[in-house]
Amino acid sequence: MALNPVERKLVELLQLWESFRAEPGKRLLLWQAPDNGKRLIECFCEVQRHASPYASGDTFIVFDAAFEQSIGYSRALKQALAGHYAASHEDLEREGLKADWRFEPEEQPDTASAFVQGLAALATHHPALGHLVAVLLPSAVANDEAWAAWVARVLEAAGPAKAVRLLVPDFSQAPRLTALAEAQHPLVQVQQPPLDAWSIAQETFAQEPAVGAPGVFRSLLTALFALAEKGTADQVLLKARDALAFAHKQGWADQEVAVRLVTAGAMLKDQRFDAALNHYQHARTSAEAARAAQHPAGGQLVLQTWFGEAAAHLAAGQPEHAAPCYREAAQLAAALPNPPMLIEALRMASFCHARAGEPEDALALGRQALAVGERLKPEARPMTTLPLLGFELLKLVEPERAAEIEAVKHGLDREQAQHYVNTEERAAALETAGDPVALKQLERQHAEQEGLLVQQARQRADEVAADGTPAFMALFVQARTLLGADWPLVLPGAIAKAPPVPAGGTAA
C-alpha cells in the first residue's frame, strides 16, 4: 500500500534521525525547519512511542516548558523528566522492565548539567530504552541569547553521556541557534528537513480522490493558501478566480468570503491597495448574504471585511477613509455582541482620527472604548487592546508627558535586561560548582531585584502623571483602575519595549 505524504515525511525524518544516530560522536541534532513544520516534528516524536514503521527504537521525550531563565528552566525540565518516568510505569512493566529508577529533582542542582545527568542515569538504568532523546521544544523563549547559552551548556554536559541524544528544532521565522548551526561543533549535526506543511497538504489532497464538491473546493483552497504564502500576487488572483467560481456555483457565500479575504491579503502584501479594497468590499457582499441566510458566523464574517477594508485604507496612507470602516465595525461588534472587537474597532477609529488631525473625535472614541472595558471582567481586560488604548489616549492629551512615561518604561526595560544578563552570567558560573543553595539564592535575589526595579519605575511614572493636567491625570487614573498597578509599565501591550542598544553605543 502506497504511503501518504505525511507518512513519507515521517519516513524521511526517521532516515535523517538514523543518519545522525549512526555518528557515535554526535550528541545534538539541530533541525532547521519552517515554522509550519512544527506539527510534523511533534508527530514524529509522538509515533516513537508506538510500534510503527516510523519508530526508531529510541525513547523520545518532548520537553515543552517555557524558557524564562536558565535556573527555572533546568528545574522545570528535571521535574518533567521525573513526571514522565512516573507516568510510564505501566508501559515499562508491560515491556517486562521494573520501574524502579529513583530520581528526585529537588535533590539535584537546577542546572543544565544536572538535567543531562538525570537523562544519563535513566538511560543507564534502562538500557532497553535505546538512546534517550531529549526533544527541546520550549513553548516560549524569553531571551534568545540566554536560551542559546543554556543549549551550549547542555551540549557540553552531554559529551560524556553516550546513551543520551538531544533533538533541538530551530524554526526559520525566528531562528535562535544560528551561531551554533554555523560553528561546526563536533558534537552537533545540522539538518534541514523539508517540512513545508502547505506542500504536504497539497500532495495529500492530490493523492486522495476529491469526493464531491467539498473535496474539490478543499484542494482549490489549499492551493490558494500555499500561493498566498509563497507565490506571486498574479498567481493568487488566477487561483482565486477558480475558487470563487466554484464556491459561487455551489452557493457557498461563506467560502467566497474566505477566498476573498485570502486574496485581499495577498494584494495588500503586494501593495495593490485598490485591488485589496475591491476584494474586501466584494467579501462583505458575500458575508452579508451568509448573514441573511442565518449562517452562524455570518456577523463575524461581515466584521472581518470591515476590519480588512480599514486596514487596506491605512496601508494606503488614508486614515480618513479607514475611520468610517472602523466605526461600522464598532456598530456591528456592539450588535453581535463582541466586546473585544468592539474595543479594537473603537481604538482603531480613534487612532485614525488622531492621524487625520482630529484629536477631539479621537478622544471621544477612545473614551467609549474605555467604557466598554469597564463592563468586562478585570481578568479579561488585559487580553484586549485596552492597555495600548490607555497609553494612546495619554499621548493625545499631553504628548510630552506621555513621552516621559515612555522613557521611564524604556529605562526599566534596559535595567531589567542588564539585570537579566548579570543573573544568567552568574548562573553559568555556578554551573560547574553545582551548588543548589547558591543557585536558589541567586534566583531569589533576581526576583527581589526585579521587584525593586519595577517599584522604583512605577513611582517615577506616577510622579510624572501627577504633574499632568487634570485631563491627563483623569485618564491615567481611569486606565490604572481598569487595568491594575502593572499598567502602563509592566502590563504587556501598553508601551513597546525599548529598542536594543547598538553595539558600543548608548540608547537614545
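Some observations on this one:
- Candidates Leu77, Leu92, filtered to the one that is closer than 21 Å to Ala142 by Cβ and without any contact (Cβ under 8 Å) to a residue 60 or more places away in the chain: Leu77
- Some residue of the stretch 238-249 being touching an Asp or Glu at 6+ places or on another chain (Cβ under 8 Å), farther than 19 Å from Arg284 by Cβ and among the aliphatic types (A, V, I, L, M): no
- Filtered residue count, the stretch 89-105, keeping only those that are exposed (fewer than 11 other Cβ atoms within 10 Å of the Cβ) and outside any loop (DSSP other than H, G, I, E, B): 2
- Within the stretch 141-152, the set of residues being farther than 14 Å from Val168 by Cα, within 14 Å of the chain's Cα centre (by Cα) and of a type in the set (A, V, I, L, M) comprises just one member, Ala142.
Here's the yes/no breakdown for (1) without any contact (Cβ under 8 Å) to a residue 40 or more places away in the chain; (2) not assigned by TED's automatic domain parsing to the domain that holds Gln416:
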| site | (1), (2) |
| --- | --- |
| Gln459 | yes, no |
| Glu463 | yes, no |
| Asp467 | no, no |
| Pro470 | yes, no |
| Pro492 | no, yes |
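- Of all the criteria given as (1) acidic (Asp, Glu); (2) buried (at least 19 other Cβ atoms within 10 Å of the Cβ); (3) at pLDDT 95 or above, the one not satisfied by Glu448 is (2).
- Answer residue from the stretch 147-180, given it is among the small types (Gly, Ala, Ser) and surrounded by 16 or more Cβ atoms within 10 Å (Cβ to Cβ) and is nearest to Ala433 (Cα to Cα) among those: Ala157
- If the condition is being of a type in the set (A, V, I, L, M, F, W, C), part of a loop (DSSP other than H, G, I, E, B) and crowded, with 18+ Cβ neighbours inside 10 Å, then the stretch 355-410 contributes no residue at all.
- The residue that is farthest from Asp196 (Cα to Cα), among those in the stretch 1-32 that are of a type in the set (A, V, I, L, M, F, W, C) and either touching a Ser or Thr at 6+ places or on another chain (Cβ under 7 Å) or modelled with pLDDT under 95 (or both), is Met1.
- Checking Leu195 against (1) under 23 Å from Glu42 (Cα atoms); (2) in a helix (DSSP H, G or I), the condition it does not meet: (2)
- Among the residues making up the stretch 368-401, those that are without any contact (Cβ under 8 Å) to a residue 12 or more places away in the chain and closer than 26 Å to Pro470 by Cβ are Ala371, Lys395, Pro399, Glu400.
- Selection within the stretch 20-41 - in contact (Cβ under 8 Å) with a residue 12 or more places away in the chain and either basic (Lys, Arg) or surrounded by fewer than 15 Cβ atoms within 10 Å (Cβ to Cβ) (or both): Arg21, Glu23, Pro24, Gly25, Lys26, Arg27, Asp35, Lys38, Arg39
- Evaluation of Lys377 against (1) touching a Phe, Trp or Tyr at 6+ places or on another chain (Cβ under 6 Å); (2) farther than 18 Å from Leu475 by Cα; (3) of a type outside the set (S, T, N, Q) (one fails), failing number: (1)
- The helices (runs of 4 or more DSSP H) falling completely within the stretch 1-87 that include 3 or more residues that are over 27 Å from the mean Cα position of the chain (by Cα) map to 5-21, 70-87.
- Scanning the stretch 132-153 finds no residues that are basic (Lys, Arg) and either touching a Phe, Trp or Tyr at 6+ places or on another chain (Cβ under 7 Å) or assigned to a loop (DSSP other than H, G, I, E, B) (or both).
- Inclusion of Ala258 among residues that are aliphatic (A, V, I, L, M), under 24 Å from Ser219 (Cα atoms) and either part of a helix (DSSP H, G or I) or assigned by TED's automatic domain parsing to the domain that holds Leu342 (or both) is warranted.
The values are calculated or read from the model by the stated rules, or taken from the named source; none is laboratory data. As the structure is a computational prediction, the values presented were derived from the model and not from experiment. FYI the Cβ positions are ideal-geometry reconstructions off the backbone, even for glycines, and counts take in every protein chain you see.
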